[in-house]
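As structure tokens, the structure follows; a few thoughts come after it.
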Amino acid sequence: MNRPHEEISQQISLALDGALSLEEERQLRAHLQECPACATLWEEMRGVSGLFERPPLLAPPPLLAARVMRRIERRERWRAWMRRLAVSLLVLILLAMVLAIPLMGLSTLAVNHPALSQAVFRALVRAAEIAQALWLGLGILARAFLGRGEWLILAVWLVLAVAAGVGWMRLLRRARRIVAR
Amino acid sequence: MGGDQELVWVVKAQQGDQEAFARLVEAYQVPVYNLAYRMLGVATEAEDATQETFLRVYTRLKTYDPSRKFSSWILSIASHYCVDRLRRRRGAVSMEEVESWRWMADEGLAPEDKALQRERDRSIREVLATLPEPYRLVIILRYWHNLSYEEIAEITDSTESAVKSRLHRARQAVLEGLNHALEGQHPLEERKEEASLAQRGRALLQASLRRPRREPL
């Protein structure tokens, strides 16, 4: 038997894909009736194509989509933390720079004018003394009103601690919500 | 899936809506998973490849151009990933049998034909494994995803005429492989796989001629 014609072989493939025009299809059919080699190839190629027609489909594992989403969530959380870390570092560096400049200026000022720095120091000591006096005054007032100063101080500390705790929890919850988003 | 609804999900996902992205994953996991399975030939590797594909889709979502078909874009990412993975692969992989419940329902198939389904899957896997990657990819995109020459060209970064001739050469390669195996040019002991393929080669071709026509994925 002769070998099939190469150009017909290509046409056969196009016919299998439904990519021939009506006229081309008619010509192909006419040729297949005349040429046994090409007719055999047509049958064989149809067989090859049929091997893949309506191919069996495999169902993905049940949790595949969920696993993909979990990986994405983890990735996003990690990126959010990295972003926050970067921002914090930036803020710290900026703060250090902003603080460093006036401090450097102050230190030269203090070295050049010892009297000035002494005055500033004395002012700071005075301020501390005033604060201490105010604190003591508050204690005396409290004792005058309640008789037992220790309880009042304890209560103030408790309120402050609870407020700080609530604030911290709120901050955490907010952070978690941002991460979840 | 409706194109409009899909576009809504894509846009939402681009804005960082993870729920919208989850819907896209749900919608595309079957085509992506089956592409990976047919390219790689191993179900466990296909799962990993599917996860990696969707991670890539997620990170590149901002670069998606809505004038392109979303399915083509996803399949193109999956194809590239599988080809890369095959290149990195060292040594032969062992074929594993897939449990029968994993096959998706086929209306044309009676429950008792599940064994036939498995047998057919094995033949297909053996045939695909002998094909060079570019041929394997066009066969998968043409038959499993029922894509046009134009779409296949877009996914594989080539031209329509290149796809036409590649599909043609792929079919020729399959036929040659089956005939070659049939001629029994290899001793049974050395090439067990080919010998088993040879025994089934003709029967496969005959059987495939009787099978009903396909429906899109």
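The values are calculated or read from the model by the stated rules, or taken from the named source; none is laboratory data. None of the values given here were measured: they were computed from a predicted structure. In this analysis, Cβ positions are derived from the backbone assuming ideal geometry, glycine residues included, and neighbour counts consider all displayed protein chains. Surface accessibility is based on the protein's heavy atoms, side chains included, excluding ligands, DNA and RNA. Shrake-Rupley method; radii C 1.70, N 1.55, O 1.52, S 1.80 Å.
Worth a mention:
- Based on every Cα atom in the range A:6-52, Rg and the maximum pairwise Cα distance Dmax equal 10.0, 28 Å.
- Take each residue in B:167-176, count the other chain C-beta atoms within 10 Å of its C-beta, and the mean is 6.
- Normalised convex hull volume, chain A, alpha-carbon set, Å³ per residue: 301
- In this structure, the amide hydrogen of A:LEU58, modeled 1.01 Å from its nitrogen in the peptide plane, lies closer than 5 angstrom to those of B:MET104, counting only residues at least 5 positions away or on a different chain.
- Here r is the Cβ-Cβ distance between B:LEU55 and A:GLU7 and R0 is 45 Å; the resulting FRET efficiency, rounded to 0.05, is 0.50.
- On the beta carbon distance between A:VAL179 and B:ASP48, with R0 = 25 Å, the FRET formula returns roughly 0.40.
- Shielding by other protein chains, A:115-128, mean Cβ within 10 Å: 0
- Think of the protein assembly as shown as having a plus end and a minus end, set by charges on the Cβ of Lys, Arg, Asp and Glu; of A:LEU90, B:LEU147, B:CYS82, A:LEU90 sits farthest toward the positive end of this dipole.
- A:LEU103 exposes around 110 Å² of accessible area when a 1.4 Å probe is run over every protein chain in place.
- Once the Kirkwood radius over Cα pairs is known for the protein assembly as shown, the Stokes-Einstein relation at 20 °C and 1.002 mPa s delivers a diffusion coefficient of 78 µm²/s.
- Highest mobility in the GNM of chain A, judged by mean-square fluctuation with C-alpha springs under 10 Å and restricted to A:ALA128, A:ALA39, A:ALA155, is found for A:ALA39.
- Between B:ASN179 and B:GLN18, the C-beta separation translates, for a Förster distance of 56 Å, into a calculated FRET efficiency of about 0.60.
- Inter-label distance for A:ASN112 and B:GLN5, nm, one decimal - labels placed 7 Å from Cα along Cα-to-Cβ: 7.6
- Of the DSSP H helices in chain A, those with a Cα length along their own long axis of 18 Å or more and a mean Kyte-Doolittle hydropathy reaching -1.0 comprise A:36-52, A:64-112, A:114-146, A:149-180.
- Approximating the spin labels as points 7 Å out from Cα along Cα→Cβ, the B:HIS80-to-A:ASP17 distance works out to 2.3 nm.
- A cysteine counts as unpartnered when no other cysteine's C-beta lies under 4.7 Å of its own; in the protein assembly as shown this applies to B:CYS82.
- Based on alpha carbons, the Rg and Dmax found for the range B:1-93 are 13.7, 45 Å.
- Straight-line reach from B:LYS164: taking Cα to Cα under 15 Å and skipping same-chain neighbours fewer than 8 places apart, the aspartates and glutamates in range are A:GLU6, A:GLU7, A:ASP17, B:GLU150, B:GLU151, B:GLU154.
- With the charge dipole of the protein assembly as shown set up from +1 on Lys and Arg Cβ and -1 on Asp and Glu Cβ about the Cα centre, the Cα lying farthest toward the positive end among the listed residues A:LEU14, B:HIS180, A:VAL159 is that of A:VAL159.
- The label-point distance for A:LEU138 and A:ILE153, in a model that sets each label 7 Å from Cα toward Cβ, rounds to 1.2 nm.
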